[in-house]
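Please treat every number below as a calculation from the coordinates, not as lab data. If you're wondering where the values come from, they're calculated on a predicted model, not measured in any experiment. Quick reminder, even Gly has a Cβ in these numbers, built from the backbone with ideal geometry, and neighbours come from all protein chains shown.
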Amino acid sequence: MTTAEFTPAHRGGSGPPLVLVHGFMDTWRTWELVLPALEARHDVLAPTLPGHAGGPAITGAVTDTVLVDAVEAAMDRAGFETAHVVGNSLGGHVALQLAERGRARSVVAFAPGGGWGPSDTTRDGLLDLQRSMHAASVAIAPYAERALSSPEGRARATRWIVEDASGIPVELLVHQVHGVAACSAASQLIDHARVSAWPLDAERVTCPVRFVWGVEDRLLPWPTAAARLRAAFPHAEWVELDGVGHCPQLEVPLEASQLVLDVTG
């Protein structure tokens, strides 16, 4: 697959159903490094979210449920009445929304977004950063292969998502830059997040939940960004990853895979 090619979903493996939900401005390929381990034990569906590169367009106004509605529809098409659900960042929020709807057998959420309280002052800064990340990716996309050809270039380009990019294939990183640049709904989703907390109703989540957070996360810094979820999900399990950033599935795929399989069986 070339870096310019984006597809709506990936499916592979066999076993109990497992749904993987990527983060904001990402694509399903963020899960590429964990797929071998997960597909050895699960029937894996990894959709691309609406408004993202390869995903369906968002028609009409953005709502709090536009993304989870699409993932739920993808589950229906795949024949998944319920599934184990794993999500990263915005995808972690969508995973918890699926659990609210009774569609999740378990949730593993890597540094999930959303669920902000009315007094949370960190949201606007995060949204400003994400808008600048989108603009930077649009600017760098034509030169992405050259920009990522050196360790220093890779470190600069990935500083918000991982602490150490040395183990991530360059081709995958180039694809991600192009994917962020091609996220057609970036501005719409950011504008909606300005006026919505992406609310969660934790009382409706009855399945097992494991939160996983990289201690070096710069995008949703540990532990302050997790405080809202610690209060809402007092019975959830928490795992801290020392030396790891926002996307464990990219940075420590073997460990991330095991953290999922420990929950899903």
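Of the residues that sit in region 75-100 and are among the small types (G, A, S) and surrounded by 22 or more Cβ atoms within 10 Å (Cβ to Cβ), which one is farthest from S14 (Cα to Cα)?
This residue is S89.
Given the criteria within 25 Å of T158 (Cβ to Cβ), part of a helix (DSSP H, G or I) and either touching a Ser or Thr at 6+ places or on another chain (Cβ under 7 Å) or of a type in the set (K, R) (or both), does L38 qualify? Write out each step before concluding.
Working: within 25 Å of T158 (Cβ to Cβ): yes; part of a helix (DSSP H, G or I): yes; either touching a Ser or Thr at 6+ places or on another chain (Cβ under 7 Å) or of a type in the set (K, R) (or both): yes.
For L38, the condition - within 25 Å of T158 (Cβ to Cβ), part of a helix (DSSP H, G or I) and either touching a Ser or Thr at 6+ places or on another chain (Cβ under 7 Å) or of a type in the set (K, R) (or both) - is met.
Could you check region 115-135 and list, in sequence order, the residues that are under 18 Å from F233 (Cα atoms) and touching a Ser or Thr at 6+ places or on another chain (Cβ under 9 Å)? Working first, answer last.
Here is the first cut: in region 115-135, the ones under 18 Å from F233 (Cα atoms) are 115-118, 120.
Residue satisfying the conditions is W116 alone.
Which condition from (1) under 26 Å from A40 (Cβ atoms); (2) buried (at least 17 other Cβ atoms within 10 Å of the Cβ); (3) hydrophobic (A, V, I, L, M, F, W, C) is the one that L254 breaks?
(2) is the only condition that L254 fails.
Just to verify a result, which residue in region 148-171, among those that are buried (at least 19 other Cβ atoms within 10 Å of the Cβ) and of a type in the set (A, V, I, L, M, F, W, C), is farthest from V252 (Cα to Cα)?
Within region 148-171, the match that is farthest from V252 (Cα to Cα) is L148.
So L129 ticks every box in (1) farther than 27 Å from V44 by Cβ; (2) crowded, with 17+ Cβ neighbours inside 10 Å; (3) not hydroxyl-bearing (S, T, Y) but one. Which box is left unticked?
Status for L129: all satisfied but (2).
Suppose we filter region 212-261 for residues that are free of Cβ contacts under 8 Å to residues at least 40 places away in the same chain and more than 18 Å from the chain's Cα centre (by Cα); how many remain?
10
So how many residues does region 123-141 have that are in contact with a Phe, Trp or Tyr (Cβ under 8 Å, 6 or more places away or on another chain) and farther than 11 Å from V180 by Cα? Spell out the reasoning first.
Let us first name the residues in region 123-141 that are in contact with a Phe, Trp or Tyr (Cβ under 8 Å, 6 or more places away or on another chain), namely 123, 129-130, 133.
Now narrow it down to the ones that are farther than 11 Å from V180 by Cα: 123, 129.
Looking only at that region, the number is 2.
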